[in-house]
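Structure first, commentary second.
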Amino acid sequence: MKVLMVGDIVGKGGRRSVIDSVPRLREELGCQLCIANGENMAGGGGMTVKCVNSLSHAKVDVVTGGDHMWDQKEFVDGISAFSHVLRPANLNVLQPGRGYGIFTASNGVNVGVISLQGRSLMTKVADNPFTAADRIVNEIRKTTPVIFVDMHAEATSEKVAMGRYLDGRVSAVLGTHTHVPTADDQVFEGGTAFQCDVGMVGSRHSVLGRAVDPVVHHFSTGMPAKFSVVENEIRLHATVVEVDAEEGHAYSTERVRRDWD
Ligand SMILES: [Fe+2]
Ligand SMILES: [Fe+2]
């Protein structure tokens with residue numbers, strides 16, 4: 001079976017691209033489940049109930065989170081309405097929402113999905129993602145060996161370490177957060193698919209989805225600037241992983257890039 005993992009959806013342009021493209025992509029690539037990172041869906045930061053609802057026809061089965069999870073304060077209460085929206089599992093236990101779940105793909109296979117947040121070079125506080133992964137993987141494997149991990153982190157070293165740590169225990173560890181897709185997708189020796197970063201669904205004429213001029217001004221002068229989201233000329237980045245539905249190990253990875261205007 002095949003699972004489609006879509007990178008960070010940025011703003012309205014990213015959402016519109018996903019709504020339009022993902023149903024067709026699933027068909028074209030033969031995917032039975034779609035996971036998408038949604039931490040930048042609402043105006044570039046966080047999620048809202050309206051944003052999540054807008055994806056109801058996008059054929060996205062699971063929405064994962066990240067360090068921008070609570071940028072929109074309404075979602076602190078709003079997340080409880082959605083069983084398919086995950087916040088990082090290694091956030092403080094008192095935070096709302098849940099960090100993993102088991103979802104049924106269109107071919108009837110149960111797929112565990114875990115949202116994790118890294119700690120290296122990240123400003124938002126999170127617990128140890130490795131010990132959290134241990135606990136959750138053991139729990140999910142009682143039900144299914146097909147498990148996908150969204151490792152939302154900045155440092156490539158921390159992401160590769162997580163991939164190696166979970167090799168042979170999960171189907172895939174796929175990174176998000178940097179918005180830049182990496183060319184290191186592969187299947188490790190133990191059967192776990194890995195990629196440092198899937199990329200984003202955001203404007204290709206931008207800096208990580210934000211308007212070029214204010215970001216360049218900020219970096220070149222050190223002065224604050226308003227980083228507006230660019231909503232046109234959207235490029236969708238995703239990765240397809242083919243996995244054995246019985247054993248859970250991965251066979252192959254395929255990077256996907258589509259321009260949408
Ligand atoms: Fe992001
Ligand atoms: Fe992030």
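The values are calculated or read from the model by the stated rules, or taken from the named source; none is laboratory data. On a predicted model such as this, the values are computed, not experimentally measured, just so you know. Methodologically, a virtual Cβ is constructed for each residue, glycine included, from the backbone with ideal geometry; neighbour enumeration extends over all protein chains shown.
Remarks
- Pairing each residue of segment 4-20 that is touching a residue at least 40 places away in the same chain (Cβ under 8 Å) and within 18 Å of ALA211 (Cβ to Cβ) with any residue that is part of a helix (DSSP H, G or I) and within 14 Å of ligand 2 (Cβ to nearest atom), provided the two are 6+ apart or on different chains, yields C-beta distances under 8 Å for ASP8/GLY14.
- Residue match in segment 197-204 (condition: of a type in the set (Val, Ile, Thr), free of Cβ contacts under 8 Å to residues at least 60 places away in the same chain and in a loop (DSSP other than H, G, I, E, B)): no
- Whenever a residue of segment 118-129 is under 12 Å from HIS68 (Cα atoms) and free of Cβ contacts under 8 Å to residues at least 60 places away in the same chain, its partners that are surrounded by 15 or more Cβ atoms within 10 Å (Cβ to Cβ) and among the basic types (Lys, Arg), lying with C-beta atoms within less than 9 angstrom and at least six residues away or across chains, give the pairs VAL125/ARG119.
- Residue match in segment 80-97 (condition: over 18 Å from the mean Cα position of the chain (by Cα) and either within 16 Å of ligand 1 (Cβ to nearest atom) or part of a helix (DSSP H, G or I) (or both)): yes
- Checked against (1) under 15 Å from the mean Cα position of the chain (by Cα); (2) within 28 Å of SER252 (Cα to Cα); (3) not in a loop (DSSP other than H, G, I, E, B), GLU28 passes all but condition (1).
- Residue selected from segment 34-45 under the condition crowded, with 24+ Cβ neighbours inside 10 Å and not in a strand (DSSP E or B), by the criterion nearest to ligand 2 (Cβ to nearest atom): GLU39
- Hits in segment 158-204 - residues which are under 15 Å from PHE148 (Cβ atoms), among the aliphatic types (A, V, I, L, M) and either modelled with pLDDT under 95 or more than 13 Å from ligand 1 (Cβ to nearest atom) (or both): MET162, LEU166, VAL170, ALA172, VAL173, LEU174, VAL187, ALA193
- Test: residue in segment 103-110 that is in a strand (DSSP E or B), in contact with an Asp or Glu (Cβ under 9 Å, 6 or more places away or on another chain), at pLDDT 95 or above and among the hydroxyl-bearing types (Ser, Thr, Tyr): yes
- Scanning segment 3-21 for residues that are in a helix (DSSP H, G or I), more than 17 Å from VAL230 (Cβ to Cβ) and touching a strand residue (DSSP E or B) at 6+ places or on another chain (Cβ under 6 Å) turns up just one, SER21.
- Of the candidates SER252, SER220, SER228, the single residue that is closer than 30 Å to ARG141 by Cβ, surrounded by fewer than 17 Cβ atoms within 10 Å (Cβ to Cβ) and of a type in the set (Ser, Thr, Tyr) is SER252.
- Flag if HIS84 is at pLDDT 95 or above, surrounded by fewer than 24 Cβ atoms within 10 Å (Cβ to Cβ), of a type outside the set (Asp, Glu) and within 16 Å of ILE114 (Cα to Cα): yes
- Selection status of PRO214, free of Cβ contacts under 8 Å to residues at least 60 places away in the same chain and in a loop (DSSP other than H, G, I, E, B): no
- Selection within segment 52-74 - within 15 Å of ligand 1 (Cβ to nearest atom), free of Cβ contacts under 8 Å to residues at least 40 places away in the same chain and outside any loop (DSSP other than H, G, I, E, B): VAL63
- From ASP185, ASP197, residue being closer than 16 Å to ALA238 by Cβ, within 16 Å of ligand 2 (Cβ to nearest atom) and touching a strand residue (DSSP E or B) at 6+ places or on another chain (Cβ under 8 Å): ASP197
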